[in-house]
Ligand code: NAD
């Protein structure tokens, strides 16, 4: 099978972790007659420097034509000027919008060997196995109007939160389908006591739930959800929420697994690739980590596990995805650690060394 992957390493540690994930993908490909065609394209700050835009047309077109996209991270202090009209994250937002990737899946399953790396007591983490499905192309990040103006003599900023029924329905279906493949429980998170968008959200999710009588649905408010993620995280199976709530809750959830460096994500839409599978964007949840960029010590596991999700969702290679997940799990179980997940006194491997260990376990 031939598969076309657009690689977008981006900024900071992005190129380091994408290189690691590519090594793992190459090794898997050799074992299963998969011919990978990987091409690298600019995005983020690196693209701003070279082309004056965070998402050059060639990058977007290549991603639209690819079977899947693997991204590192974008951003860094060089491009952090809040008054700049061109900013690295525009690359990512533009890509999500351009590929119509409306569902972001973030699995959280703390590895038993890493329970001590989380600030939560290990007994709280026992049995945690959840996926957050975050709506990605609507809500306050994209709503209009979005402006600054003078209002009653002072400067005022306006952002708009908006959702259509269609936007809610399509992401809800992704979440219900996912719950069906798991423990059949869906928690929809909103702020229906305050926001009109949330009332439409709750009403729509409740209506869609009638198509899924086998799924147990609960609604909780986002403030309570943020508390329950810490006090009883094991009670969740699939969490469905809108764009901004999802952005915040997924960072909170990442603490459960010890380090952001371990956490993968997949962004899916309704478009299919040449192989008849979802055309998706796969990326670790962490940023470009400018504080450690260029040192070769970044944890590549989040990106390697994102590559596993790519094999599963975009290439239909479930067995190979599990092979990667198993190799990562063995490396962690046998005590191999990068700096971000090492306990004091534990030996710290650099990016290439931990990748080598994972390759050995494949
Ligand atoms: P960050 O995720 O880059 O880093 C937070 C902390 O976690 C840092 O101490 C960093 O060293 C550590 N860390 C993150 N990933 C790691 C890894 N793989 N291995 C080891 N340690 C890791 O978040 P930040 O510092 O808030 O943001 C830095 C830049 O990244 C900013 O410009 C921000 O806009 C951007 N950012 C990009 C994305 C993205 O591309 N998806 C996401 C978040 C932030």
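We did not get these values from a lab; they are worked out from the coordinates using the rules stated. Everything quoted here is computed from the prediction, not taken from an experiment. With ideal geometry, Cβ positions are generated from the backbone for all residues, glycine too; neighbour counts draw on all protein chains shown.
Details
- Size descriptor, Kirkwood hydrodynamic radius, that averages inverse alpha-carbon separations across region 156-223, Å: 12.6 Å
- Approximate spin-label separation residue 295-residue 274, in nm, with each point projected 7 Å along Cα-to-Cβ: 4.1 nm
- With eigenvalues of the C-alpha gyration tensor scaled by 5 and rooted, region 119-257, Å: 29, 20, 11
- When you work out D = kT/(6 pi eta Rh) for region 1-147 at 37 °C and 0.692 mPa s, using the Kirkwood radius from C-alpha pairs as Rh and the Stokes-Einstein form, the result is 187 µm²/s.
- Region 219-302: projected area of the alpha-carbon convex hull, averaged over directions, in nm²: 7.8 nm²
- The Cα-based radius of gyration of region 291-362, divided by its Kirkwood radius, gives an Rg/Rh of 1.01.
- Contour minus Cα-Cα distance for residue 347 and residue 121 (0.36 nm per residue): 79.0 nm
- FRET efficiency, 1/(1 + (r/R0)^6) with R0 30 Å, evaluated for residue 155 and residue 194 via beta carbons: 0.75
- Cβ crowding within 10 Å averaged over residues, with 260-269, 142-151, 217-226 ranked highest first: 260-269, 217-226, 142-151
- If you model the chain as an ellipsoid using its alpha carbon gyration tensor, with each semi-axis the square root of five times an eigenvalue, the axes come out at 30, 26, 22 Å, biggest first.
- Each residue in 310, 125, 359 was given a count of other beta-carbon atoms within 10 angstrom of its own, and listing them fewest first yields 359, 125, 310.
- Translational diffusion coefficient (Stokes-Einstein; Kirkwood radius from C-alpha pairs) of region 205-362 at 10 °C, 1.306 mPa s, in µm²/s: 89 µm²/s
- Taking the centroid of alpha carbons for each part, region 286-362 and region 85-128 are 15 Å apart.
- With both residues required to sit in region 150-296, DSSP beta bridges show an antiparallel share near 40%.
- Region 236-261-region 157-232 distance, computed between alpha-carbon centres (Å): 14 Å
- Taking every DSSP beta bridge that has both ends in the chain, the antiparallel portion is near 40%.
- Each residue, residue 37 and residue 221, gets one label point 7 Å from its Cα in the Cβ direction; the gap between the two is 5.4 nm.
- Taking other C-beta atoms within 10 angstrom as a stand-in for reagent exposure, 188, 235 fall in the order 235, 188, fewest first.
- Relative contact order of the chain, defined on C-alpha pairs under 8 angstrom at six or more residues apart (%): 21 percent
- Legend: translational diffusion of region 72-180 by Stokes-Einstein, Rh = Kirkwood radius over C-alpha pairs, 37 °C, 0.692 mPa s; D = 186 µm²/s.
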